[in-house]
């Protein structure tokens with residue numbers, strides 16, 4: 001969604017206050033003056049209540065306070081810049097807030113979490129934030145913000161394709177046609193600064209796989225779709241299985257398809273690998289005679305988000321230490337009957353919107369609670385029902401490969417007992433594994449130990 005239509009020059013200001021409450025009052029004064037049907041005091045209370053419940057600090061000196069309100073408009077944005085920095089309890093030590101992006105959303109707006117996620121993604125780009133903070137005046141700040149919200153902010157200059165890359169892409173298209181592939185996946189993380197996207201034949205669907213969605217914005221119309229998957233290693237096509245899984249759940253490809261994949265070593269600026277994937281063979285063991293990989297009540301974007309968070313935990317750990325955790329997704333009513341709490345539920349009492357895994361501010365919360373023994377129980381629409389849940393389902397008929405522990409056994413058992421998907425992050429190997437109907441599928445390889 002383009003967010004530029006929700007911002008105007010009149011709601012961009014240099015802040016005088018050096019405290020968050022005063023900064024919010026300044027932004028609300030700008031907003032309520034333009035929209036008198038909004039209740040300034042109620043909005044301020046709602047914003048402060050959310051800040052007390054969960055920090056809206058994104059990092060890089062940016063805060064994204066947000067609240068819902070009764071209004072006919074879908075969204076209203078107001079932006080404040082602080083030259084001296086705002087001291088804020090939710091920020092990291094010695095990292096004052098330099099930008100406050102206030103979002104007010106209508107109560108009936110349905111894509112609220114998706115808009116929050118889009119804003120959060122944009123506001124985590126260091127170059128973009130620096131360009132706003134260092135803007136010489138508010139007119140320049142507004143122009144840069146407007147461009148960024150419209151998806152046309154300045155990006156690194158794409159790398160012109162070398163002779164090798166041109167040959168690889170040309171041959172990949174020939175291979176795709178010759179093997180009956182209707183889809184070509186381009187693994188864009190092989191390039192550090194983006195690359196000049198090829199003009200593909202309209203008969204072949206092209207999907208960009210990348211950890212950075214701005215790469216797709218550089219070449220609008222060149223790709224049929226984009227899949228955001230984080231690479232868990234620098235090896236070739238490390239995102240392949242997760243990308244194919246996401247494409248399946250979105251309906252971009254079918255189980256009967258062949259997919260041509262083009263990639264290279266991450267950051268090498270060169271394509272060097274072409275692989276044709278037989279989707280049915282790749283996922284045959286996981287389907288075990290069924291055609292529904294995704295449980296009926298699970299939204300594709302929720303599965304994507306869980307995979308993303310699990311991969312981040314596998315790559316980064318928590319505070320420099322490896323962590324292991326288990327996510328159970330879907331059929332939550334039946335799952336709850338086969339679990340019991342190991343600790344007091346840290347998500348109890350919060351609004352569903354605040355504890356939805358699609359909410360970008362849930363990332364740090366999930367990572368923080370990943371150290372708790374037990375599983376995360378997540379509804380198919382993304383609402384996190386519980387953390388620290390003990391799985392009591394029994395599975396005596398499936399033998400897991402050697403070296404797998406109690407988390408994997410619990411994941412296998414619960415995926416048989418309920419119509420759900422279980423995803424495990426191994427604390428010892430960093431491997432991410434998906435379970436469906438008791439069948440396991442590694443989504444990443446084990447880390448190579450020194």
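Just so it is clear, none of the values below were taken in a lab; they were calculated from the coordinates. Keep in mind it's a predicted model, so treat the numbers as computed, not measured. We place every Cβ from the backbone using ideal geometry, glycine too, and count neighbours over all the protein chains shown.
Structure values in brief
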| read-out | value |
| --- | --- |
| Global form of the range 4-149, assessed from the alpha-carbon gyration tensor, a/c cut-off 1.5 | rounded |
| Mean Cβ count within 10 Å, highest first, over the residues of peptides 59-68, 294-303 | 59-68, 294-303 |
| Stokes-Einstein D in µm²/s, Kirkwood radius over Cα pairs - the range 300-442 at 4 °C with 1.567 mPa s viscosity | 87 µm²/s |
| Proxy reagent accessibility, fewest Cβ within 10 Å first, across 5, 163 | 163, 5 |
| The range 163-282: Cα Rg divided by the 2.2 N^0.38 Å rule of thumb | 0.95 |
| Cβ-based exposure ranking for 83, 258, in which fewest neighbours within 10 Å come first | 83, 258 |
| The chain: calculated mean residue ellipticity at 222 nm from DSSP helix runs of at least 4, using -39500 (n - 2.57) | -9000 deg cm²/dmol |
| Proxy reagent accessibility, fewest Cβ within 10 Å first, across 28, 400 | 400, 28 |
| Answer label for Cα extents along the principal axes in Å (calculated), chosen among (1) 63, 59, 46; (2) 61, 52, 40; (3) 110, 48, 41 | (1) |
